[in-house]
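Take a look at the structure below.
The values are calculated or read from the model by the stated rules, or taken from the named source; none is laboratory data. Quantities reported herein were computed from a predicted structural model and do not represent experimental measurements. Counting neighbours? That spans all protein chains shown, and the Cβs are built from the backbone with ideal geometry, glycine included.
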Amino acid sequence: MACPSLPPATIPSVILIVISLELIVCWGAHTDAEALLKFKSSLEISNDALGDWGLESSPCSENKANWVGIICHKGHVWGLKLENMGLKGSIDMESLEGVPFLRIISLKNNHFEGSLPDVKRVGALKSLFLSGNQLSGNIPGDSFSNMMSLKKVHLAHNQFEGQIPWSLVELPRLLELRLEGNKFSAQIPNFQQKAFKSFNISHNDQLHGPIPQALSHMDPSSFSGIEGLCGPPLNKPCNTANMPSIASIIMVSIALTQALLAIGAGIVILSRRNQSSSCEEVPANVKSPGARALDPGVGAKSPDRASSHGSGRRVAEGAKLSFVREDLEKFDLSDLLKASAQILGSGCFGSSYKAAMTGGPVVVVKRFKQMNNVDKDEFQEHMKRIGRLKHPNLLPLVAYFYKKEEKLLITNFVEKGSLVIQLHGQKAEGQPALDWSARLKIIKGIAKGLRYLYSELPSLITPHGHLKSSNVLLNANYEPLLSDYGLIPVINQEHAQDLMVAYRSPEYNQQGRITKKTDVWSFGLLILEILTGKLVANFLHQGKGGDEEDLASWVKSITATEWNSQVFDKNMGPTKSSEGEMMKLLRIALACCESDFEKRLDLREVVEKIEELKEKDGDEDFYSSYASESDIRSSRGLSDELNFTM
Ligand SMILES: *[C@@H]1O[C@H](CO)[C@@H](O)[C@H](O)[C@H]1NC(C)=O
């Protein structure tokens, strides 16, 4: 019998169902059937294509399908394959949520219209095939968030427009992405997945800018029919003339908002902004004819470069970058505005761009919109304070740009990208994952960075505040650099509470407060993520009250004797000689995750315990035998060994 175990909430209905033995045997299938029939009811079916769908039979008997268009696996509905059936109407994902084993949805080559359905409701989906319909409009950036199993996404030959959603970039298992024949615009987001088996965005003729490095080995026909793209594998080198400038991306949008506000047309855009959830990126290519005409740099068919620079300059008049450090190379705002820009990522918090100045430094410009918690003077004071921090494990703030409606924070570009990509990103064949010694080195570096922040920013209750794997960057030697620290005082409180890691802590959930030990909790989760290779985000995104179900509880639910086989990330490679030290570190992490902060270790204790850890069990002198503090492995070619970039 292959029925799933019943959730507690259904117990009363079980009592009723017991009356009918037949029904209890097929409890799972019965709900599948009901959910599918509900799904069917929102379709417009021109012929009798789904005629055998009905409650008389269940959709599946073991691996055999009784209904047309259903794929079965052990009595459960595993796939829905309704292709070339002339279907219209709406794609009711809410009903499909009720089909617990559904992993494949194919509705290829039908007549569906309207926007992309809310596919992430079926979070465990592996394959989504919607090519060959008339779906249209912008796809919200977070549409695929947390769909950690998703391998195949086919949306080709529809009418989608706007930016390619950023959440696709974050899918660790994505192998096939087919977006050809739509109307996507702006730049290709910075895909990191190197193991793509199939990738096609051809004939989206409004895309422009450089092809991300990770895609440089794809077949050139994946990019055919797009004038504005440059860089390998195309035969068209990127020079600054075919890359959009920072000005066209960033400043125009400021100028645009101001111009539109001035002439009153801004209402369209602003009301759109307000409608979108706090976490949704406003697409660069705002969907209003007036806006498009005024937005020459982004998404327009042939960017009018002169005028985009012009508006950037207008805004820049009288404005300047404020440098917060003496020891780093300086540049003018005008250099920055002229720099060619490449989008690195855009999330809830703001977008970031890589900007390469001619003959100058390569920097990252991060754009924050919700940073008005304090007035201008106080903001500048705080930025200076952050600028004074100097430590090998902190990514230094170089400069900032202040405008009432948004702030730009400028840092140097870091070679290997973020830890989240190194841990969870798809690797090309033969490329090793971070091994135990590299991971221990990263954790020790983070600990040092945190200790420094605690000693230098004593007035902040939670000196980091936003510690997570995407805010740990790795330099060429795989030494970690913390980023986005010390921002709690300046971020709008409401926004901070929605988005910052500190506000997901047990003390905030239970008592509405953050404490000096809140960063310890975030650090604990981060260590667990590094040791298990599992994404913390999956658990945290469940939000308020969901923290009992976090990674720590999962680890605790497994007895310590099973940790070696079940908890540690297999990708760390051989770790036999280090198991004792790994177990110690796991215990430290669990102690950091203690939900009662009174009982939790404080930062100093945690750092001390971590510093005592050795790479190998019983290897007392492993670290002291090296002269320098920076791990010798890095100079011994760890970077060759781990030669995968972001
Ligand atoms: C991409 O799609 C285009 C248009 O359908 C096709 O001509 C091209 O061969 C495809 N390339 C790859 C690599 O799939």
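See the values below:
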item	result
Criterion: touching a helix residue (DSSP H, G or I) at 6+ places or on another chain (Cβ under 7 Å), touching a residue at least 24 places away in the same chain (Cβ under 8 Å) and under 21 Å from L36 (Cα atoms) - qualifying residue of E113, E94	E94
Unique residue being touching a His at 6+ places or on another chain (Cβ under 7 Å) and under 21 Å from F101 (Cβ atoms) when the list is C72, C60	C60
Residue among W53, W78 that is over 24 Å from G137 (Cα atoms) and modelled with pLDDT of 95 or more	W78
Qualifying residues in segment 154-165 (those that are surrounded by 22 or more Cβ atoms within 10 Å (Cβ to Cβ) and within 23 Å of Q342 (Cβ to Cβ)) - the one nearest to the chain's Cα centre (by Cα)	P165
Residue that is nearest to K599 (Cα to Cα), among those in segment 511-525 that are in a loop (DSSP other than H, G, I, E, B) and of a type in the set (D, E, K, R)	K517
Count - residues of segment 134-160 that are farther than 24 Å from F101 by Cβ, of a type in the set (A, V, I, L, M) and more than 16 Å from the ligand (Cβ to nearest atom)	2
Residues satisfying the stated conditions in segment 134-150, i.e. assigned to a loop (DSSP other than H, G, I, E, B) and either buried (at least 18 other Cβ atoms within 10 Å of the Cβ) or out of contact with any Lys or Arg (no Cβ under 6 Å at 6 or more places or on another chain) (or both)	I139, P140, G141, D142, S143, F144, S145, N146, M147, M148, L150
Residues of segment 161-176 that turn out to be within 20 Å of K126 (Cα to Cα) and either within 14 Å of the ligand (Cβ to nearest atom) or of a type in the set (S, T, N, Q) (or both), as a count	3
Conditions (1) in the same structural domain as T515 (by TED's automatic domain parsing); (2) more than 30 Å from R513 (Cα to Cα); (3) surrounded by fewer than 17 Cβ atoms within 10 Å (Cβ to Cβ): number failed by P392	(1)
Qualifying residue in segment 122-133 (condition: surrounded by 22 or more Cβ atoms within 10 Å (Cβ to Cβ), in contact (Cβ under 8 Å) with a residue 60 or more places away in the chain and more than 16 Å from the ligand (Cβ to nearest atom))	no
Residue check for L467: closer than 30 Å to T575 by Cβ and crowded, with 20+ Cβ neighbours inside 10 Å	yes
Sole residue being within 22 Å of G123 (Cα to Cα) and aliphatic (A, V, I, L, M), chosen from A156, A214	A156
First in segment 177-188 and assigned by TED's automatic domain parsing to the domain that holds I211 and within 14 Å of the ligand (Cβ to nearest atom), second anywhere and in a strand (DSSP E or B) and acidic (D, E), Cβ under 9 Å, 6 or more apart	N182/E161; F184/E161
Selection count, segment 311-327, where residues are aliphatic (A, V, I, L, M) and modelled with pLDDT under 75	3
Output for segment 198-232, where each listed residue is more than 10 Å from the ligand (Cβ to nearest atom) and either in a loop (DSSP other than H, G, I, E, B) or outside the structural domain of V169 (by TED's automatic domain parsing) (or both)	N204, D205, I211, P212, S216, H217, I226, E227, G231, P232
A428 vs. criteria modelled with pLDDT under 90, in contact with a Phe, Trp or Tyr (Cβ under 8 Å, 6 or more places away or on another chain) and not in a loop (DSSP other than H, G, I, E, B)	no
Any hit, segment 555-569, residues being in the same structural domain as P432 (by TED's automatic domain parsing), of a type in the set (D, E) and closer than 29 Å to P432 by Cβ	yes
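Per-residue answers, yes or no, for (1) farther than 23 Å from P172 by Cα; (2) in contact with a strand residue (DSSP E or B) (Cβ under 7 Å, 6 or more places away or on another chain); (3) outside the structural domain of L168 (by TED's automatic domain parsing):
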residue	(1), (2), (3)
E34	yes, no, no
E44	yes, yes, no
L80	yes, yes, no
D92	yes, no, no
I105	no, yes, no
P140	no, no, no
